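These notes concern the structure reproduced below.
The values are calculated or read from the model by the stated rules, or taken from the named source; none is laboratory data. Treat the numbers as computed from the prediction; the structure is a model and nothing was measured. With ideal geometry, Cβ positions are generated from the backbone for all residues, glycine too; neighbour counts draw on all protein chains shown. These accessible areas exclude ligands, DNA and RNA; they are computed on the full protein's heavy atoms, side chains included. Shrake-Rupley method; radii C 1.70, N 1.55, O 1.52, S 1.80 Å.
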Amino acid sequence: MGEQPNPAVELAIETRGLTKRFGHQTAVNAVDLAVPRGSVFGFLGPNGSGKTTTIRLALGLAAATSGQVSVLGQTMPGRLKDVLPRVGALVEGPGFYPFLSGAANLHRLDSADRYAPSATRRARVHRALDRVGLGHAAGKKVGAYSLGMKQRLGLANALLMPRELLVLDEPTNGLDPQGTREVRNLVRSLAAEGTTVFVSSHLLAEVEQMCSHIAVMSVGSLVAQGTLDELRRAGESRVRVRTPDIAAALRVLAALGLAPEQTEPPGRAGGDGNDDSHDDGVVSAPLAPDSRPAEAIVAALVAGGVRVRGFTVERASLEDRFVALTGEGFDIAQ
Amino acid sequence: MLLALAAVPVLIAVAVRLSSSPPEPGRGPPFLDRVTQNGLFVSITALVVCIPLFLPLTVGVVAGDTIAGEANLGTLRYLLVVPAGRVRLLLVKFAGAAAFCLAATLTVVASGALIGAALFPVGPVTLLSGDTISVGESILRSLLVAGYVTVSLLGLSAIGLFISTLTVVPVGAMAATIVLSVVAQVLGALPQFEWLHPWLFSHYWLDFADLLRQPIAWTSFGDNALLQAGYAAVFGALAYGRFVTKDILS
């Protein structure tokens, strides 16, 4: 599903038929992901839909059962040693030594990187900690950090070196609203510097606010992929007519080739204090993209003797779109 | 753990010092009767006491924790994403375990020498062959014995490293490594398994007495080193085979 990736666009992450099975369970099923360079790519899906497994496969932590992954133009995991130094990652929550301080943890991880110059290590650790707002807690033991602070430390780790690609798995998990906001700003500023940011999340609102592209996973499969606008447009629109003449409205809309239904019985849609509206009901119908313009529908209704007291065209929210794609189990509210 | 190891020689020395009658030859651990004559023997006695259980226990804890401990904390995936390199990580972890073996035995030897010197007379040492060597050379011999014991523990370290790649539960890897060291010693004590004895990694553990003769007999040192190198190679290869293709899901 989704649009075909344009071969002219350079891809930061590309998977073809990526599949991972654990025993009989297929965690990732034939995923064709195309993450353009320079994008902020939201990777959405309910918990357990295969997002983290896909990320593990892309980072060479796990081997694919079949299919290929290439990151920054190089195949993984074959070219892992060339690719990973250019990638910063936060994978499935932070993992640090609780008995070391935040700064000491970053020092240790940085010294494991053969490409990271030790001369600038202290300064880079300091800068990364400042960037995620942990400057004051740098000397504190990680065991004493809150979940949000650990999450920030995980982000700082991804920012130790200048990266071409950042893979952030649920970066705002455990963060307070201010922290979430800071992460959004951080992602925007990184994207402005030209870094491709791949963010997995089950938080729709968050992704909607910072991403230029979106892919949606459901039960191991990729069900949609494209720019934010493309996905919004793909959702269906509905007309809603508020009127006391339910039967007439249904008849007129059906005559226009729509499939109307009564969404609210008479007397339920009122309540704005207007005496006229106490007997209103609502009739609504899905609107195909190629159907006649809204004003023509109003005209037909009025001509059909329907007392139109309210008329709206509702564009489906991204949320509706995702529920449609992934089923009701999607934990958007979290 | 090093503190606990350092306490063993202290315990031995204090116990011998406080008891009214000197230990009789042939009773208690080997070399115990010599402690009152020369404090330098506390080190050797303590090593003999520690080798069957205490040292393998601490080595099992360290070696079992190498990979499984990182996996359990979630730091393993970050090290690999850095990328630290899987082979490099294994080598560093094995080197770390080996360094601990050395630190552990040196701790016992040093602590024994210090407490021995504090509580008992120190003088030229009479070797098992009857020759007498100076204090300086006896310290050298103690270090040699420490080296022997360190090498002895490398096979077990490699086994622990391999087991550690199999699980994300460090305690499980530690326990399995320690159990294996006990099983090897039990098998080594049963004459019915005599054919197996030369192949047990614990076979030469207590054979460092050759280093306390004049001239030094190096055969047991060489045999032991070869056996331990074999174990390190086999279990190192197993650990490599397991870890390099392992899916890191923790």
Practice problem: Let me know the charge dipole size of the range A:32-109 about its Cα centre in debye, to the nearest 20, where only the beta-carbon of Lys, Arg (+1) and Asp, Glu (-1) is charged. | Solution: 160 debye
Quiz item: Put +1 on the Cβ of every Lys and Arg and -1 on every Asp and Glu Cβ in chain B; which of B:Leu55, B:Leu90, B:Leu73 then has its Cα farthest towards the positive end of the dipole?
Solution: B:Leu73
Quiz item: Roughly speaking, to the nearest percent, how much of the range B:2-244's 1.4 Å accessible area is carbon and sulfur?
Solution: 72 percent
Quiz item: Just going by the charge dipole of the range A:133-267, with Lys and Arg at +1 and Asp and Glu at -1 on Cβ, which of A:Leu155, A:Met210, A:Val252 is farthest out on the positive end?
Solution: A:Leu155
Exercise. Could you work out the longest stretch of chain A that avoids the chymotrypsin sites (Phe, Trp or Tyr not before Pro) located in DSSP loops with at most 13 other Cβ atoms within 10 Å?
Key: A:116-334
Self-check item: Using alpha carbons only: equivalent-ellipsoid semi-axes of chain B, gyration tensor based, whole Å
Solution: 36, 19, 16
Quiz item: How many lysine pairs in the protein assembly as shown, separated by 8 or more positions in sequence or lying on different chains, have Cα atoms less than 15 Å apart?
Solution: 4
Self-check item: Estimated inter-spin distance, B:Val92 and B:Leu143, nm [label 7 Å along Cα→Cβ]
Solution: 2.9 nm
Practice problem: Express the relative contact order of chain B as a whole percentage, based on alpha carbon pairs under 8 Å and six or more residues apart in sequence. | Solution: 26 percent
Quiz item: Which FRET efficiency value, to the nearest 0.05, is calculated for A:Asp320 and A:Gln178 with the Förster distance at 22 angstrom and r the Cβ-Cβ distance?
Solution: 0.15
Quiz item: Can you give the charge dipole size of chain B about its Cα centre, rounded to the nearest 20 debye, using +1 on the beta carbon of Lys and Arg and -1 on the beta carbon of Asp and Glu?
Solution: 560 debye
Exercise. List the longest stretch of chain B that has no exposed loop site; here a site is one of the chymotrypsin sites (Phe, Trp or Tyr not before Pro) assigned by DSSP to anything other than H, G, I, E or B, with at most 11 other Cβ within 10 Å.
Key: B:1-194
Quiz item: Viscosity 0.692 mPa s, temperature 37 °C: Stokes-Einstein D of the range A:135-192 from its Kirkwood Cα radius, in µm² per second?
Solution: 270 µm²/s
Quiz item: Projected onto the charge dipole of chain A (+1 at Lys/Arg Cβ, -1 at Asp/Glu Cβ, origin at the Cα centre), which of A:Leu90, A:Leu168, A:Ser101 gives the Cα projection farthest towards the positive end?
Solution: A:Ser101
Quiz item: Tell me, what is the percent relative contact order of chain A, built from C-alpha pairs under 8 Å that lie six or more residues apart?
Solution: 19 percent
Quiz item: So for A:Met210, B:Met174, what's the accessible-area order with a 1.4 Å probe, most first?
Solution: B:Met174, A:Met210
Quiz item: What's the carbon and sulfur percent of the range A:11-233's accessible surface, probe 1.4 angstrom, rounded to a whole number?
Solution: 51 percent
Self-check item: Solvent-accessible area buried by A and B, counting both chains, probe 1.4 angstrom, square angstrom
Solution: 2100 Å²
Self-check item: Length gained when the stretch A:Ser118-A:Ala144 is fully extended (0.36 nm per residue, less Cα-Cα span)
Solution: 6.6 nm
Self-check item: Per-bin percent of Cα-Cα distances, chain A [10 Å]
Solution: 5, 22, 25, 19, 13, 10, 5, 1, 0
Self-check item: Student exercise, chain A dipole from Lys, Arg, Asp, Glu Cβ charges, in Debye to nearest 20
Solution: 1780 debye
Self-check item: Whole-Å semi-axes of the protein assembly as shown's equivalent ellipsoid (Cα gyration tensor)
Solution: 72, 23, 22
Quiz item: What are the residues of the range B:47-89 that lose 40 Å² or more of accessible area, with a 1.4 Å probe, going from their chain alone to all protein chains?
Solution: B:Leu73, B:Thr75, B:Arg77, B:Tyr78, B:Leu79, B:Val81, B:Val82, B:Pro83, B:Arg88
Quiz item: Which whole-number percentage describes the relative contact order of the range A:236-315, with Cα contacts under 8 Å and a sequence gap of 6 or more?
Solution: 46 percent
Exercise. Kyte-Doolittle cut-off 1.0, length cut-off 18 Å along the helix's own axis using Cα: show which whole DSSP H helices in chain B pass.
Key: B:2-18, B:54-73, B:86-119, B:135-164, B:170-189
